[in-house]
1. Could you pull out every residue, at least 5 positions away or on a different chain, whose amide H is within less than 5 Å of the one on Lys146? Hs are placed 1.01 Å off N in the peptide plane, and Pro or chain starts have none.
2. Counting only protein heavy atoms and a 1.4 Å probe, tell me what percentage of segment 242-323's accessible area is made up of carbon and sulfur.
3. Just to check, using Stokes-Einstein with a Kirkwood Rh over alpha carbon pairs, what's the diffusion coefficient of the chain at 37 °C and 0.692 mPa s in µm²/s?
4. Taking every DSSP beta bridge with both residues inside segment 181-318, roughly what % is antiparallel (nearest 5)?
5. Using the Karplus equation 6.51 cos²θ - 1.76 cosθ + 1.60 (θ = phi - 60°), what ³J(HN,Hα) coupling, rounded to whole Hz, does each residue of segment 281-296 give in order, writing x for Gly and Pro?
6. Strictly over 32 Å apart at the Cα level, which of Lys402/Lys553; Lys341/Lys534; Lys47/Lys285; Lys395/Lys521; Lys109/Lys285 would you flag in this model?
7. Work out the FRET efficiency for Ala181 and Lys146 from their Cβ-Cβ distance, taking R0 = 30 Å, and round it to the nearest 0.05.
8. Using the Karplus curve 6.51 cos²θ - 1.76 cosθ + 1.60 with θ = phi - 60°, what ³J(HN,Hα) values do you get for each residue of segment 177-185, in whole Hz, with x for Gly and Pro?
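The values are calculated or read from the model by the stated rules, or taken from the named source; none is laboratory data. Everything numeric here is computed off the predicted structure, so don't read it as measured data. Cβ: placed from backbone, ideal geometry, glycine included. Neighbour counts: every protein chain shown. The accessibility values were calculated without ligands, DNA or RNA, using every heavy atom of the protein model including side chains. Shrake-Rupley method; radii C 1.70, N 1.55, O 1.52, S 1.80 Å.
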Amino acid sequence: MAEHDDGESDGGFDGEGEAAAGTHNLGSLLATERRDFLLRNNGDQVKLSNLDDKVVGLYFSASWCGLCQRFTPKLVDAYNELSSRSCKFEVVLISADEDKESFTVYFSKLPWLAIPFEDSDLHDNLNDLFDVGGIPHLVVLDADGKVLTIEAVQIVRDYGAEAYPFTAERIQELKEEEQAANQNQTIESLLVTSSRDFVISKDDNKVPVSDLKGKVVGIYFTFGSLGSGDEFTKLLVEMYQKLKENGENFEVVQINLDDDESSYDQGFDDTPWLAIPFKDKICDKLARYFELQTIPTLVIIGSDGKTVHSNVAELIEEHGIEAYPFSTDKLKEIDEKEKAKIESQTLQSLLVSGELDYVIGKDGAKVPVSELVGKNILLYFSARWCLPCRAFLPKLIEAYHKIKEKDVAFELIFVSSDQDESSFNDFYMEMPCLALPFGDERKKFLSRTFNTDSIPSLVAISPTGKTITTEARDLVQAHGASAYPFTKERIQELELEIEESAKGWPERLKHKLHEEHELVKCRRRTYTCDGCTKRGTDWSFYCDACDFDLHPKCALDDDTDMENTGDPEDGPKEGYIYDGEVCY
């Protein structure tokens, strides 16, 4: 049995099977010929008849499952709360552990019942009956044995004990309450729970949430394991302290999503703001409420308690305190400044920062930026650890030499994302161009300016210092040096040449390498030919149904030993993480 690899168990069941729609006699379902009881973790036997008139959750889980380790504490909290309220609710553990010792250790920490470890055949039968494709998996049945939901893992994540008795009507009621709360949002409706009306300071003082009324509040989602030393937290602390010094009515409330208390403490101790207490149940609720997608996220709540912005992290990274108070008018002002900045962009404004007014050559000599003014420049964002970067480099070097032959007023500048100077030096040694020095602070500014979230990335700068395109990597990959100088006019010329090259080719053809369907002539940015296994660009004879490509030369000449028209596909290396043709 596997864990769900997306981190969000949906029950592993489509809801249309007999088990999902059916009604079951729990006495028969959970008993064997020799056993009519369940176990508590102290060894006590509990008759199955004790489940009569109760809502029962069948919990498929295991000690080795990382997702179970994260979800089980939430289920324990919900179970304990329902028990304290004398709700008729019980959970039965159906273990996927492979040895009794693991089962026993895991079960010893759980407050509910379990099917004995020895009843492995029953475990398997229940897995099959409820089509359990991954764990954690929680099926909830009502007092009559009717399946209420097979998606109870997500329901408990979202609502905890409030979801009881887990009927469709109760879940709909909770959703409507959320919608109403959204429409009538206040800082209290966001941060107050039935058991807590305060947030805490780092010295453990309780600060009433009511004290935040009338303030601009940043709700800061983070992980304490990142520590207060991570780059964004440093920026936020700096901005926070300046705003406080300026007398601004601003506060930050940290939502720490760590499961480990030491990590929580680590992420809160050195920060000057407030926080939600460790493992408070509202943390998950707020993450879902604000549709959290990334860490860090800083949601801005206005003085009226309404959401002003869903995440200003990038605004703070780029503009710092100037972005405050993140209002629509302020963002318009920033946009106007950015447009003016783009219009006035020069090579010096991109590459000069204080005394950093140079790049370096192959011999380590400093090359003043002033000597590059008036040239066509390519900024190459790359790193040695990035497999696609290494695969793209030969193509780029080939294009570089060809461009240099016809235009000496051209330079390529390597902007490294390497983690250590040795890797930087080794990778730069392969290149014939200029570079920013390793660890240069201008790299962050350039990455933000051109939104280079992925590498390799290639940005073309004109002789006037204006940005021609941030997509030069694709142009070099497809056209090599022929794409130079990467202007719209040159690309339009290339498009005409590409269209002209296909004149006279059939629109459709049959080929012995793919006799199932006709192949259709179509434009393809890049692909791997299924005939010669080499990379192609621009044109392919393609079968959409089978995702089958043939180079025009392979398709028309039936020659699968044609010369390579592009870079070979490199296989992934162990330890590298990348998506398609770029590293993130």
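1. Residues meeting the criterion, in which the H sits 1.01 Å from N, are His24.
2. Percent of accessible area from carbon and sulfur atoms in segment 242-323: 40.
3. Values: Rh = 29.1 Å.
In µm²/s, the coefficient rounds to 113.
4. 55 percent
5. 5, 6, 4, 5, 4, 5, 4, 6, 4, 8, 6, 4, 10, 8, 10, x
6. Violating the 32 Å Cα-Cα cut-off are Lys341/Lys534; Lys47/Lys285.
7. Numbers: r = 30 Å, r/R0 = 1.01.
My answer for the efficiency is 0.50.
8. 4, 5, 4, 5, 5, 5, 5, 10, 4
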